[in-house]
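Here's the structure, in structure tokens; my notes come after.
The values are calculated or read from the model by the stated rules, or taken from the named source; none is laboratory data. This is a predicted model, so every value here is computed, not measured. Cβ placement follows ideal geometry from the backbone for every residue including glycine, while neighbour counts extend to all protein chains displayed. Ligands, DNA and RNA are excluded from the accessible area calculation, which covers all protein heavy atoms including side chains. Shrake-Rupley method; radii C 1.70, N 1.55, O 1.52, S 1.80 Å.
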Amino acid sequence: EDGTPIKKEKGFLSSISIYDQAKNKAVEASYVSSIATNARENIARLAEESNGDPEVFNKISTKYLTGLRSGISEDFQDIVQLAIDPVVAAGRAQIQSEYSARQDQEVNDALILEAQSALDFSIRQADLGDQESATGSLFLAHESIQARVASGDLTQAAADTLKTNATVAVESSMAMGALKNTYQERGGIAAVELIEKIADPNFVAKGFTVEQQGTLVDTMKQELNQRIQLDKIQESQEEESLKVRQESNATGLLLGLIGGEITSSQISVAAAQRDIDYDQLKTLTSIANTRGQGVDDYGIIREVQKLMVNDPAAAQRLIELNVNKNITGSTAQGLLQSALDAQREESVLNTNKAKRARTYLQRSISTTGIFGSIDPENQFKLANLELTLDQRILAGEDPLEVALEIIDFSGITSKSIFELEADIVAVEVRMTEELTKNPDYDYSSDDAEIIKINQQISEKRNYEDFNKNVMKTLKGSE
């Protein structure tokens, strides 16, 4: 098996009898059969070791056979050669057949890959609108498909089907590319007209069946609808983004305008660049033209301050509408800063402490009389106190400490609330008696006295509540 020489006994057949020769022929046949069997097994093993390469197989099988013959007596070499030649020939034929099949498969695989690659490139170029490149690549795909017919991998009918399908795919992409370009360059109406043209039964499309033509039209309609919807969404998002940006710009310009840092020309430039919209331009221009004018209307200022708690955006709009009219520039600047801060999620003006301090101020100063009439003096006082409170809170001071500091307790009466309420009853009794005696009695002084006592009651109650509850907070009970 491994080609090791065996001991030669040349010419020994000529010296034995016919009977012995016959006997030896049987031994000879057994011997040759044994060698042929071993050769067959070794040739099979060598075929595996060659990895299907005919050249390698020929080289290692020739070496094996040379070694095998060198170990056999010359009397048996011809007989053994006749026995093992068919084995070697069969091995070589199998290796060559497998090698040729593998080469054919590799060629066909390469043709398939080339065809698909050319088709993919053709579809991409068609979608981009480059019909010349798309057509050239489609031709290369057709050539690769046809080459598989020549190699025996495809029938002509199968190749024709593949070429038709490739053409339909590229033509469909050309149609989709044309739709995209038409929509972008000429708009939706022109895109619809293109789809209707392709949907026309008289329209001749290369290789398309009626069903394929219908599928293409449906796909184009879906694509157009998606593009329209996406454009609407994008326009809406851009519009919303622009609106937010313009609102922010308008607020910044308003603050700069009130502070004397922005001029009318800068406002005009902002409008020209779409940094603000037309309504914002009108508002800012009006404020610029009335700079330094206006008188503080503390009724409106109080409305702004009330809105500041629950709807600071509405408070900001009310400020903008009244700047240099019913709110002076300096007052508007403080109010606007408070309104802007209150709109932040973590506004210092919306903390529990700030709310309690503001409530304390409001309860300390009554702005209405006994019959609901407005007290302008107290309205003015409360508005300014709240402005002071907000500005100092924004500056980082403790709300309750500020409230304690800006309210003057020196005027608090020493009477109890019960005694003050008894004083009101006494005044009302006196006023009733006088009116009974004289229907024309002037009770304005009595009314003023009741208002004063009610104010004292409010201040007293607020003072007691402050000392009972708020002072605990200041001393660290929270």
Okay, helices (runs of 4 or more DSSP H) sitting entirely in the stretch 383-478 with 2 or more residues that are at pLDDT below 85, I get 399-406, 444-465, 471-474
TODO: Scan the stretch 300-323 and give yes if some residue there is open to solvent by 20 Å² or more (accessible area, probe 1.4 Å), touching a strand residue (DSSP E or B) at 6+ places or on another chain (Cβ under 7 Å) and of a type outside the set (Phe, Trp, Tyr), otherwise no.
DONE: yes
Scanning the stretch 321-338 residue by residue, the ones that are touching an Asp or Glu at 6+ places or on another chain (Cβ under 6 Å) and part of a loop (DSSP other than H, G, I, E, B) total 2
Selection from the stretch 260-282 of residues open to solvent by 50 Å² or more (accessible area, probe 1.4 Å) and part of a helix (DSSP H, G or I) yields Ser264, Ser265, Gln266, Ser268, Val269, Ala272, Tyr278, Asp279, Lys282
With criteria (1) over 18 Å from Leu253 (Cβ atoms); (2) surrounded by 19 or more Cβ atoms within 10 Å (Cβ to Cβ), Asn378 comes up short on (2)
State yes or no: is Val87 modelled with pLDDT of 70 or more, open to solvent by 50 Å² or more (accessible area, probe 1.4 Å) and within 30 Å of Gln103 (Cβ to Cβ)?
-> no
Exercise. Does Arg124 satisfy being open to solvent by 50 Å² or more (accessible area, probe 1.4 Å), more than 18 Å from Ala178 (Cα to Cα) and out of contact with any Cys (no Cβ under 8 Å at 6 or more places or on another chain)?
Worked result: no
Subject >> Filter pass, Asn202 being over 16 Å from Glu223 (Cα atoms), in a helix (DSSP H, G or I) and open to solvent by 50 Å² or more (accessible area, probe 1.4 Å) >> reply: no
| query | What do you reckon, is Asp218 open to solvent by less than 60 Å² (accessible area, probe 1.4 Å) and assigned to a helix (DSSP H, G or I)? | reply | no
*Meets criteria (of a type in the set (S, T, N, Q) and closer than 16 Å to Val168 by Cα) for Ser97*: no
Within the stretch 440-464, the residues that are aromatic (Phe, Trp, Tyr) and surrounded by fewer than 17 Cβ atoms within 10 Å (Cβ to Cβ) are Tyr441, Tyr443
Screening Ser144, Ser117 for residues that are assigned to a helix (DSSP H, G or I), at pLDDT 80 or above and surrounded by 15 or more Cβ atoms within 10 Å (Cβ to Cβ) leaves only Ser144
When every residue in the stretch 102-114 that is farther than 13 Å from His142 by Cβ and charged (D, E, K, R) is compared, the one most open to solvent (accessible area, probe 1.4 Å) is Glu106
Take Asn225 and tell me if it is at negative phi, modelled with pLDDT of 85 or more and surrounded by 14 or more Cβ atoms within 10 Å (Cβ to Cβ). no
Discussion item. Quick check on Leu242: is it in contact (Cβ under 8 Å) with a residue 40 or more places away in the chain and in a helix (DSSP H, G or I)?
Written reply: no
Counting only residues that are modelled with pLDDT of 75 or more and in contact with a Leu (Cβ under 7 Å, 6 or more places away or on another chain), the stretch 357-382 contains a total of 5
Practice prompt. Taking Phe208 as the residue in question, decide whether it is of a type outside the set (A, V, I, L, M), crowded, with 16+ Cβ neighbours inside 10 Å and either assigned to a loop (DSSP other than H, G, I, E, B) or modelled with pLDDT of 85 or more (or both).
Written response: yes
The one condition Leu257 fails out of (1) in contact with a Gly (Cβ under 9 Å, 6 or more places away or on another chain); (2) open to solvent by 40 Å² or more (accessible area, probe 1.4 Å); (3) not in a loop (DSSP other than H, G, I, E, B) is (2)
Of those in the stretch 57-74 that are touching a helix residue (DSSP H, G or I) at 6+ places or on another chain (Cβ under 9 Å), open to solvent by less than 60 Å² (accessible area, probe 1.4 Å) and part of a helix (DSSP H, G or I), the residue farthest from Ala150 (Cα to Cα) is Leu68
Checking Val402, Val429 in turn, the sole residue that is of a type outside the set (Gly, Ala, Ser) and exposed (fewer than 13 other Cβ atoms within 10 Å of the Cβ) turns out to be Val429
Exercise. Any residue in the stretch 156-177 that is among the small types (Gly, Ala, Ser), at pLDDT below 80 and either open to solvent by less than 60 Å² (accessible area, probe 1.4 Å) or in contact with a Leu (Cβ under 9 Å, 6 or more places away or on another chain) (or both)?
Worked result: no
